[in-house]
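Input: a single structure, listed below in structure tokens.
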Amino acid sequence: MKRLTTILTLIITALLSFTFTSCDPDAEVAYYMDGTWKGNIYVSSEYDGMVYKAAYSEVEFDSGYNSGDGYWIDYYSNSPYDYVANHITWVVRDQNIYIYILEKKTRI
């Protein structure tokens, strides 16, 4: 009987230890961002007095724990240029994603 009580105590202790582990929500967001994302982000740029709207954008996130780097490319049609590419760094804080464009030193 004493052996059964000891085994049950060990099993309960092992099961309860799983309830105390938790994930960092920022790291979880960063994990799911990893990869290339394509779509329309409704970006526009001005060149020589004309405003051009991007046909679609592509963003590559290379992740670390809760931050990383990558690139952001906006593809245009009917404009003097085919695309605008920027290197980015990003960080997740309080489940918000902050993207910094390195060439312009600005935050999106």
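The values are calculated or read from the model by the stated rules, or taken from the named source; none is laboratory data. Keep in mind the model is a prediction, meaning the values are calculated, not measured. Cβ sites come from the backbone with ideal geometry, for glycine too, and all protein chains shown count toward neighbours.
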Practice problem: Residue by residue through segment 89-108, note down the ones that are within 14 Å of ALA30 (Cβ to Cβ) and either of a type in the set (A, V, I, L, M, F, W, C) or buried (at least 16 other Cβ atoms within 10 Å of the Cβ) (or both). | Solution: TRP90, VAL91, VAL92, ILE97, ILE99
Self-check item: Condition check for TYR42: loosely packed, with under 14 Cβ neighbours inside 10 Å and in contact (Cβ under 8 Å) with a residue 24 or more places away in the chain
Solution: no
Exercise. For VAL59, state whether it is surrounded by 10 or more Cβ atoms within 10 Å (Cβ to Cβ), part of a strand (DSSP E or B) and modelled with pLDDT of 80 or more.
Key: yes
Quiz item: Looking at ASN86, ASN78, which is the one that is farther than 12 Å from VAL29 by Cβ and either touching a Gly at 6+ places or on another chain (Cβ under 6 Å) or crowded, with 17+ Cβ neighbours inside 10 Å (or both)?
Solution: ASN86
Exercise. Those residues that are over 11 Å from TYR76 (Cβ atoms) and outside any strand (DSSP E or B), I need them from segment 30-56; list them, please.
Key: ALA30, TYR31, TYR32, MET33, ASP34, ASN40, ILE41, TYR42, ASP48, GLY49
Quiz item: What number of residues within segment 21-68 are among the charged types (D, E, K, R) and closer than 18 Å to VAL84 by Cβ?
Solution: 6
